Amino acid sequence: MSHPSTYEPSNGFSKWLDRRLPVLRLMHGQFIEFPTPRNLNYLWTFGGILSFCLVVQLITGIVLAMHYVPSGDQAFSSIEHIMRDVNWGWLMRYSHAVGGSMFFLAAYIHIARGLYYGSYKDPREILWILGVLIFLLMMAIAFMGYSLPWGQMSFWAVTVITNLFSSFDTIIPGVGSAIVRWIWGGYSVSETTLNRLFSLHYLLPFILVGVVGLHIWALHVVGNNNPTGVEIQSDSDSVPFHPYITMKDAFAMSLFWMIFAWLIFFAPNYLGHSDNYIEANPLQTPPHIVPEWYFLPQYAILRAIPSKLLGVIAMFASILVLFFVSWLDTSKVRSTKYRPIYKWFFWLFIFTCIALGYLGAKPAEGVYLFYARIFTAYYFIHFLVVMPLIGVIERPKPLPNSITEDVLGKGSSPSGGAGKPEAAPAAPENR
Amino acid sequence: MASDIIDPTRRDFVMIASAAFAGIGGAASLWPLIDQMNPDASAEALASIEVDLEPLGEGQAITVLWRGKPVFIRHRTPEEVSMAKKVDINALPDPEAQNTELPEDAPATDKNRTKEGHEKWLVVVGICTHLGCIPKGQGLTDQKGEYGGWFCPCHGSHYDTSGRIRKGPAPDNLAVPPYKFLNDTKIKIG
């Protein structure tokens, strides 16, 4: 959000630098002064937590790449070499593996928060779309990274996922198989495939950093949404980013790190699949192929549809539909807190996602398949029917006039100083 | 020059030429960058293998590796053969033989998926046509699915004793690779 800069270079060097590259002024403006709604709850700390996860993945990943060998013969044993021989290798690998899960956990909470409080609505469409793009990149990176240990689950996950593209054969015969051969670099998943997945797994996270930069830039242009969905109107509605948000984020990160650390040290393989400790064998499919937990809902959607091509389309559509949420939701009110009807559908949607996750881990038959179809249907109905329709027919509850009024109660002057040590603005504006 | 405005000047020519150079050069260098990912000659080399069928008793099956792909060879029992022959072709999810040596629209009869005079032998590529898993059914104690052939554990596709898809998400029958009988107990695949 644009705000007058109060940055004053304090010494000779920073004065000299400020006239040449005002990078300290930029940091001061965006990460110290940046006005943030005073009513943000802990769900807003997941943006910071996600940045933290990204840094952990980058650092541990760069270290792992120093010891990993992307060859068909040695990939599997080089992982065990990292685990047993490399100094602290076990810590790096478990942090990276658990880190992937924690990254997705935080991302799903972050996305759900955005959906609940309408953070995708005007003027935050680009911010939201960049977020969906980040999510897509995360999925691609996680998939490629999962292939690298070259265990049975790695191998068969690559086989199943790359084969998704062969469904294009149904549209133009031969095209799908040609794409799959191109991805594989052969007639089956092999060392050639492993090498290119490793190359891209190293590259894409840096692209991700770039998109995250744009995401934060877009956030700092339009400002944070908040639990009321009412924009900041006066100085009393906001607090500076530092120390209020930095400290709150740091506290939440500490709690998040405790769960993270507990998993790393006490249950490092809890979220993984034991079959991935068997070396890849192209002649034997494991009896029960399941992806990592964070892909289970999408996997359930893929399997729920009896046609191969339509299943693939539905799976991709379940992500792509998120790009259009800003326009599918017709409600004028952002926050679901003030939407008495939509609120129920929101929680039904969350239940649907969890149910699909559960069903994705079950065999695709009988009653599991039946429910997977029901929930897949609701997943799309939620976006394509419920969101446009409820926005039109629902009568939302009255919104507070300002963030300050919501926090301090009705009748409070927006310049009320409670909880805000700085001087209040002289002329309160109450729009 | 009087017609400066219409005629390209030397500067215009240099502009157009360098833009064309950059454009065509960029486009031309794109193809090697894409094509480097395609299977190379060593992967393309159509290796063929010979398989001795002598040790295979009735009801037994083996898996051999051909071009990095598993190939299922099953010595079918007379009951399995007659089961495969009885099927109504029009009721099959995929009515095409998927035999690389026959025309694309050849019907998926058991005759079109085996070699004449060697009906008890079924040779198919052991890769589920859904998403590329290896179906179960080669081992004697394996689950063979509802139609006595193979069952893919990944997403529940059932294949019959002729390797034809009968139930589940797979779109096609298991492919029949190019092969021939060298004598009664030896085949050459590829």
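Taking neighbour counts of Cβ atoms within 10 Å as a proxy for exposure, in what order, fewest first, do A:236, A:318, A:154 appear?
A:318, A:154, A:236
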Based on the alpha carbon coordinates of chain A, what radius of gyration and maximum Cα-Cα distance (Dmax) apply, in Å?
24.4, 76
Here FRET efficiency (C-beta to C-beta, residue B:65 to residue A:41, R₀ 45 Å, nearest 0.05) is 0.20
If the chain between residue B:94 and residue B:34 were fully extended at 0.36 nm per residue, the gain over the current Cα-Cα distance would be 18.2 nm
Taking the radius of gyration and the Kirkwood hydrodynamic radius from Cα positions alone, what is the Rg/Rh ratio for region A:258-316, to two decimal places?
1.10
Taking the Cα atoms of region A:54-95, report the difference between the largest and smallest coordinate on each principal axis, in whole Å and largest first.
31, 18, 13
Can you sort A:406, B:172, B:105 from fewest to most other Cβ atoms within 10 Å of each residue's own Cβ?
B:105, B:172, A:406
Shielding of A:161-170 by partner chains, average beta-carbon count, 10 Å:
3
Could you point to the residue in A:278, A:380, A:32 farthest towards the positive end of the protein assembly as shown's charge dipole, with +1 and -1 charges on the Cβ of Lys/Arg and Asp/Glu respectively?
A:32
Enter the Cα centre distance for the pair region A:110-171 and region A:317-388, rounded to the nearest angstrom.
17
On the formula 1/(1 + (r/R0)^6), with r taken between the Cβ atoms of residue A:393 and residue B:183 and R0 of 56 Å, the FRET efficiency rounded to 0.05 is 0.15
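Could you give the dipole magnitude of region B:69-190 about its Cα centre, charging the beta-carbon of Lys and Arg +1 and that of Asp and Glu -1, in debye to the nearest 20?
Using Cβ point charges on Lys, Arg, Asp and Glu, region B:69-190 gives about 400 debye.
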Relative to 2.2 N^0.38 Å, what does the C-alpha radius of gyration of region B:51-162 come to as a ratio? Two decimals please.
1.01
Per-residue Cβ neighbour rank within 10 angstrom, fewest leading, A:331, A:71, A:5:
A:5, A:71, A:331
Stokes-Einstein diffusion coefficient of chain B, Kirkwood radius over Cα pairs, 10 °C, 1.306 mPa s, in µm²/s
81
Among A:14, A:274, A:307, residue whose mean-square fluctuation peaks in a GNM of chain A (springs only between Cα atoms under 10 Å)
A:14
Need one value for B:64-74: mean number of C-beta atoms belonging to other chains within 10 Å of its residues' C-beta atoms.
2
Fraction in percent of alpha-carbon pairs per bin - 10 Å, region A:291-408:
13, 38, 27, 15, 6, 1
What residues of region A:276-308 lie in the reach of a label at residue A:365, counting those whose backbone N is under 18 Å from a point 7 Å from the Cα along Cα→Cβ?
A:285-290, A:300, A:303-307
In the protein assembly as shown, if the dipole is taken from +1 on Lys/Arg beta carbons and -1 on Asp/Glu beta carbons about the Cα centre, which of A:313, A:244, A:147 is farthest to the positive end?
A:244
Rounded, prolate or oblate (a/c below 1.5 giving rounded, otherwise prolate when a/b exceeds b/c) for region A:198-321 by Cα gyration tensor
prolate
On a full-extension model of 0.36 nm per residue, what is the gain between residue A:354 and residue A:255, subtracting their alpha-carbon distance, rounded to one decimal in nm?
33.3 nm
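Here, each number is a calculation from the coordinates, and none is a lab measurement. What you see is a predicted model, and the numbers here were worked out from it, not measured in a lab. Note: ideal-geometry Cβ built from the backbone for every residue, glycine included; neighbour counts use all protein chains shown.
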